[in-house]
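Novice: I'd like to ask you about the structure that follows.
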Amino acid sequence: MAAGARRGGLFVVSMPDIRIILVRPQHPGNIGACARAMKNMGLKNLVLVAPQHFPAEEAVARAAGADDILAAAAIVADVRAAVADCVFVAATSARTRTIALPRLDARGAAATLCTQARSGPVGLLFGAERTGLTNEEVDYAHALVQIPVDPGFASLNLAAAVQILCYEIRCTIQEPVPIPEPDHRPAPQEAFNRFLGHLEQVITDIGFLNERHPRKLMRRLTRLFRRAHPDDNELQILRGILNAVQHPYPPRPGPSDPDNT
């Protein structure tokens, strides 16, 4: 269960449950400015995926007193590692994408993240300054976040985007989140990714996966299962089915078989 407190029929989310993840940040000054934006709004959990230049004096200078956020930042090799224990991930994007994911604005993303944080850690992905997130990185997300800006000048500085989302998160946190009806706790992303690897292996073995375009089908299947938010038990059932496909047992007699009468 995520850290937080109940007030009557409401759940107040504590800030550490919400993880700001900068993917391949290019400029150390932007990392520092993002840390400052986070600290302004009370967020503390910063993750850096393959930063080009970090640690760096410029990052500390631009943090302007938020060097404790930088010092505590986790550095990981890829998005998979960054979201391994997350139960929900949202990816920011300035581009129009054809990816079939729910679209959220900044306020909607904040509300969704705070609600999902009652089940465990949640992550908010920000892409590299010039290129943003790749489609493969977006594949780890449950939803896309787009900040409505003037289409004539749609590019936001990385730290500005982080500031907007952190502000909306803080506004949401100030108002306790209504608790939805109790449901299951979604499985962590690492368990989900192991299931996807198992699924890909099985459909490859049985010749179902198109060898010329393997990622196209897997991307669709990933989004299909991600929308379902399976919990650990459901993933175990699915993997049990995959195991049965890999190691089939002799067929059992059905109810109408002569041997059963």
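The values are calculated or read from the model by the stated rules, or taken from the named source; none is laboratory data. Nothing here was measured: the structure is a model prediction, and the numbers come from that model. With ideal geometry, Cβ positions are generated from the backbone for all residues, glycine too; neighbour counts draw on all protein chains shown.
Novice: So which helices (runs of 4 or more DSSP H) are wholly in the range 39-119 and hold at least 3 residues that are in contact with a Gly (Cβ under 7 Å, 6 or more places away or on another chain) and buried (at least 21 other Cβ atoms within 10 Å of the Cβ)?
Specialist: Per the criteria, 57-63.
Novice: Can you find a residue in the range 192-209 that is in contact (Cβ under 8 Å) with a residue 60 or more places away in the chain and not assigned by TED's automatic domain parsing to the domain that holds residue 119?
Specialist: yes
Novice: Same structure again: Here's a check for you: in the range 16-57, which residue that is small (Gly, Ala, Ser) and touching a residue at least 40 places away in the same chain (Cβ under 8 Å) is farthest from residue 134 (Cα to Cα)?
Specialist: 42
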